[in-house]
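I have placed the structure first, in the form of structure tokens, so that the comments after it can refer back to it.
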Amino acid sequence: MIDVKPLQVWDVRENDKAPWREAKVVNMRREEIELQFLDMPNASYVARIFKVSRKRMLSERKTYRLVSEPK
């Protein structure tokens, strides 16, 4: 069973027609997950971070999919 863990990389997209973008789990507070987009190296830290619930990440397979586990 998949679970959300720190430093995992996930593919994220806004809708079915949007491209997948990689994001890393950078922070976890109970059910709130902070992800950092990896395709924006020159953007400010604040612009690269977004929050989502663990429940949403695990239930919306068309929007979130696990790419890799931390090494």
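No value in this document is a laboratory result; all are computed from the given coordinates. Since we're looking at a predicted model, the values are computed, not measured. Quick reminder, even Gly has a Cβ in these numbers, built from the backbone with ideal geometry, and neighbours come from all protein chains shown.
Looking only at segment 3-50, which residues are within 18 Å of Thr63 (Cβ to Cβ) and among the aliphatic types (A, V, I, L, M)?
Val4, Val9, Val12, Ala18, Ala23, Val25, Ile33, Leu35, Leu38, Ile49
Restricting attention to segment 36-67, report how many residues are touching a residue at least 12 places away in the same chain (Cβ under 8 Å) and under 23 Å from Asp16 (Cβ atoms).
Counting residues in segment 36-67 that are touching a residue at least 12 places away in the same chain (Cβ under 8 Å) and under 23 Å from Asp16 (Cβ atoms) gives 17.
Just to be sure I understand the filter: pairs with C-beta atoms under 6 Å, separated by 6 or more residues or on different chains, first member in segment 16-35 and under 17 Å from Lys51 (Cβ atoms), second member surrounded by 11 or more Cβ atoms within 10 Å (Cβ to Cβ) and of a type in the set (Lys, Arg). Which pairs pass?
Glu31/Arg54; Ile33/Arg54
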